[in-house]
1. Among (1) touching a strand residue (DSSP E or B) at 6+ places or on another chain (Cβ under 6 Å); (2) within 16 Å of ligand 2 (Cβ to nearest atom), which single condition is B:Ala73 missing?
2. I need every pair where a residue in segment B:219-241 that is assigned to a helix (DSSP H, G or I) has its Cβ under 7 Å from the Cβ of a residue that is among the polar types (S, T, N, Q) and surrounded by fewer than 17 Cβ atoms within 10 Å (Cβ to Cβ), sequence separation at least 6 or different chains.
3. Could you check how many residues of segment B:278-287 are closer than 10 Å to B:Leu410 by Cβ and free of Cβ contacts under 8 Å to residues at least 60 places away in the same chain?
4. Of all residues in segment B:641-653, count the ones that are away from ligand 2 (no atom under 16 Å from the Cβ) and open to solvent by 80 Å² or more (accessible area, probe 1.4 Å).
5. Out of B:Val183, B:Val191, which single residue is among the aliphatic types (A, V, I, L, M) and surrounded by fewer than 15 Cβ atoms within 10 Å (Cβ to Cβ)?
6. Do you know which of the residues in segment A:97-109 that are of a type in the set (A, V, I, L, M) and within 14 Å of chain B (Cβ to nearest Cβ) is nearest to A:Lys123 (Cα to Cα)?
7. Of the conditions (1) open to solvent by 80 Å² or more (accessible area, probe 1.4 Å); (2) under 53 Å from the mean Cα position of the chain (by Cα), B:Gln381 satisfies every one except a single condition; which number is it?
8. Might you let me know whether segment B:637-651 holds any residue that is within 12 Å of ligand 1 (Cβ to nearest atom) and either small (Gly, Ala, Ser) or closer than 23 Å to B:Pro14 by Cα (or both)?
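The values are calculated or read from the model by the stated rules, or taken from the named source; none is laboratory data. The structure displayed is predicted, hence computed values, not measured ones. Ideal geometry is used to build each Cβ from the backbone, glycine not excepted, and the neighbour counts take in all protein chains shown. Just so you know, the surface numbers come from the protein's heavy atoms only, side chains and all, with ligands and any DNA or RNA stripped out. Shrake-Rupley method; radii C 1.70, N 1.55, O 1.52, S 1.80 Å.
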Amino acid sequence: MAESIKTIVLSGQAQAVAKQMNDSGTFPDSLSAAKFGMAYAIKYYWDAVNTSDKLNHLNGVYDSKGSTYNIGSLDPDNYVLQLMEALYPDSDTPYTFTRVLICFGLNKLGDLLEEGRLFPINKVM
Amino acid sequence: MLHFDKMTLRDFGPYKGEQTIDFSDRSGVSIIWGNNGRGKTTLLNALRYGLFGVIQRRNGILKNLSEMGNKEAVQEGRYGFTVILDMTNDGDTYKLTRQLKLRPGIVKPSGEEDYEKVLFLERDGSILSPEDRNHELNVIMPEQVARFFLFDAELLQEYEELLETNTSDGEQIKNSIEKILGVPVLQNGVVDVEDCLSNYEKQKSRAARADDKTVQLGQEMENLTANIEEHQNIIKEKQAELSDLIRKKSVLEGRMADTDKLRNWIVQRNEAQKSQEKHEDELETVQSKIRDLMKNAWRGMLLTTVRDLREKIEAEEYALDAKKQKRTVADRFIMEMKKAISERTCPICGQEVSGDIVEHLRAKINESTNEYVGLSEEERQRLYDLQNQMLAIRQLSADVSDVRQGVAHLENRRDELQIAISECRQQIEELHDNIKRYGEDAEEADVLSISREHSDVEQTIRDVRRGIEDENKKLTELKMNKERVAATIDKMAGGTDYRLASRKYELCEHVFRIFEKSKTRYRERLKENVEKDATALFVQLTGDKDYIGLKINDNYGLEIIHKSGRTVPSRSSGYEHIVALSLIGALHKNAPLRGPIIMDSPFGRLDPTHKANIVRTLPGMAEQSMLLAYIGEIDEQVARFELGSHLIHEYKLERVSSMHTEIV
Ligand SMILES: Nc1ncnc2c1ncn2[C@@H]1O[C@H](COP(=O)(O)OP(=O)(O)OP(=O)(O)O)[C@@H](O)[C@H]1O
Ligand SMILES: [Mg+2]
């Protein structure tokens with residue numbers, strides 16, 4: 001494991017979306033909303049995030065004004081780590097990519113939220 | 001015939017701002033739908049106010065008219081209210097404007113005295129003088145008979161009083177009935193002649209006293225007359241007392257009905273609150289179930305991606321594996337050939353292998369070795385890596401499931417619950433308004449004390465009635481005595497004065513008899529007609545084939561006749577209602593005075609068949625009629641069907657707030 005970071009920091013925008021999603025009462029916490037964002041990005045926007053290059057580029061785009069999450073609580077069972085390794089076998093920055101995917105997905109969900117189409121949530125799962 | 005064309009209200013009760021209700025100049029029925037507290041009774045009162053300047057409340061006439069000004073308007077600085085009635089009567093058009101407004105110079109009133117009453121009546125475009133106006137209004141619609149035009153169904157039970165004799169309430173209604181039928185013209189004559197008669201009687205007894213032979217009898221006569229007057233006064237007093245008591249009784253009955261309503265509303269509100277709480281609890285559970293599922297929903301969403309990934313890896317792994325497999329097979333074959341060369345025997349058949357075959361085998365071995373090279377070292381590594389990745393990916397989908405269905409189900413339930421909760425809220429708010437509206441009365445309305453008071457009043461009423469009966473008996477006795485004395489005097493007295501007085505008296509008595517007889521005849525005929533028309537209506541209204549008609553009594557009270565010919569004792573309150581409606585319909589037919597019928601919530605106690613029957617007969621009862629009904633009081637489809645082309649308009653009283661209703 002080349003990457004030795006212990007935390008990730010979301011972008012300010014993404015953080016705001018996660019907070020709103022959490023406030024809706026549909027998610028137990030904003031971390032679950034964040035991971036929902038990650039899964040949403042992978043499932044529905046794969047073409048935009050399917051290479052390490054794309055993610056590395058996006059990583060430079062997002063600011064770091066959001067909350068900081070512990071890797072320990074983000075990925076207690078290393079599931080995310082394994083997922084990242086499976087999706088991006090050539091990369092050794094799984095959690096940096098995780099952050100990028102979360103920000104990307106949350107931004108897209110934020111658009112839905114603005115248009116009032118985020119709920120019922122099952123429609124976007 | 002009187003016809004209302006339209007009514008315009010400004011800040012009258014809940015009718016905030018200026019609102020117009022167009023009754024149209026056509027004949028037929030308008031229906032105005034409004035739930036409890038929206039303002040049906042207020043509309044009836046607006047008409048009453050327009051015509052007579054009075055507002056009737058459940059417990060009597062409203063004294064402080066300014067209370068009727070819309071409360072929200074008051075907050076916005078508008079005081080007072082206006083009712084404008086556009087109507088036609090026998091070819092003339094009228095515009096009646098009645099207003100309560102602030103006196104000039106006053107901006108914010110401190111009491112009733114800061115308001116003034118304004119009244120205009122225009123006939124065919126010109127304003128009438130106050131005298132003409134009052135006369136005209138009294139001709140168009142005399143206040144005494146208003147009850148037959150503007151009626152509140154809650155008061156229909158009053159008509160039951162007509163079946164009892166000597167009740168002052170019944171007497172009052174009877175007077176109204178005779179008034180609408182035009183009896184008073186004759187009645188006034190009777191009363192005038194009766195006055196003359198008692199004058200002549202006095203002259204007669206004075207003459208008897210002046211005569212020596214009958215001085216004592218004359219005295220007795222005068223005493224008897226005084227005595228009779230005394231008892232008549234007692235009866236009048238008792239009747240006034242009875243009137244008061246009956247009024248009190250009906251106020252109490254109103255209160256009892258209110259507390260019933262109130263109790264129902266409270267029960268309904270508590271139930272709504274309970275079901276709101278239940279729904280809220282369930283909503284809480286559903287929400288927390290959703291949150292539970294959403295905690296790991298993201299894993300389920302990745303399943304398809306993971307599957308794609310797995311399929312890709314599997315394909316690559318398969319290709320490498322196949323390459324490896326081919327080499328293995330080839331290896332085995334080469335090994336056999338190599339063995340054959342070195343041992344010079346065929347490993348299969350055991351025969352010797354010749355030299356040229358050996359050469360051939362050598363060439364074959366070379367060829368095969370080149371063709372099935374197997375995996376390169378890179379490929380070997382790749383295969384190894386892929387196998388490991390595969391293990392990891394299997395891990396990714398182990399124990400993960402897609403929770404979308406479950407979430408969808410829960411979210412549907414959540415939406416249902418949220419709708420149910422907001423319905424409960426709405427219902428609770430409306431009930432709360434209703435409860436608050438009756439709350440003031442209800443505080444005193446300790447139900448028990450009201451019903452106790454009610455039975456006390458009933459007892460007193462019975463006592464007073466018995467008192468009146470006793471007085472009447474005494475009166476009859478005294479009158480008989482008087483007649484006897486008068487007869488004796490007639491026989492004994494011979495003086496000219498007496499005879500002259502006696503002749504005048506007799507003459508007057510004849511006139512009196514004629515008047516009375518013609519009045520009685522006229523009345524009898526009217527009664528027959530009323531009975532006939534009421535019966536016709538009743539038969540249309542009732543569904544019961546056993547009931548064949550109505551029989552009228554002296555007070556215009558109506559009894560139901562059974563097909564056996566007997567009258568039906570103690571009818572139900574629903575039938576009471578139907579009988580009262582039949583009477584009113586019949587009165588409209590026989591009255592010289594014609595006008596519209598406006599009914600406030602008339603269906604309360606009736607079953608669907610009777611409701612439909614009444615709606616059907618309504619267009620025949622009056623040229624113009626208006627039905628004020630709460631939603632559901634009668635089925636809307638039934639009403640429309642029964643009225644057909646007689647239905648001119650439907651309005652709805654819509655709530656904006658508890659203090660603001662819009663007519664739409
Ligand atoms: N001065 C006022 N300003 C505003 N609203 C008023 C005023 N006076 C009465 N109201 C409201 O107007 C409504 C009058 O109700 P009304 O008795 O006309 O209703 P209804 O339709 O006959 O009801 P129900 O079916 O219960 O007989 C009440 O809700 C009352 O709170
Ligand atoms: Mg009412």
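1. (2)
2. Sorted first by the residue in segment B:219-241, then by its partner, the pairs are B:Leu224/B:Asn481; B:Ile235/B:Asn472.
3. So the count comes out to 1.
4. Counting residues in segment B:641-653 that are away from ligand 2 (no atom under 16 Å from the Cβ) and open to solvent by 80 Å² or more (accessible area, probe 1.4 Å) gives 3.
5. The unique qualifying residue is B:Val191.
6. Of everything passing the filter in segment A:97-109, A:Leu109 is nearest to A:Lys123 (Cα to Cα).
7. (2)
8. No, every residue in segment B:637-651 fails to be within 12 Å of ligand 1 (Cβ to nearest atom) and either small (Gly, Ala, Ser) or closer than 23 Å to B:Pro14 by Cα (or both).
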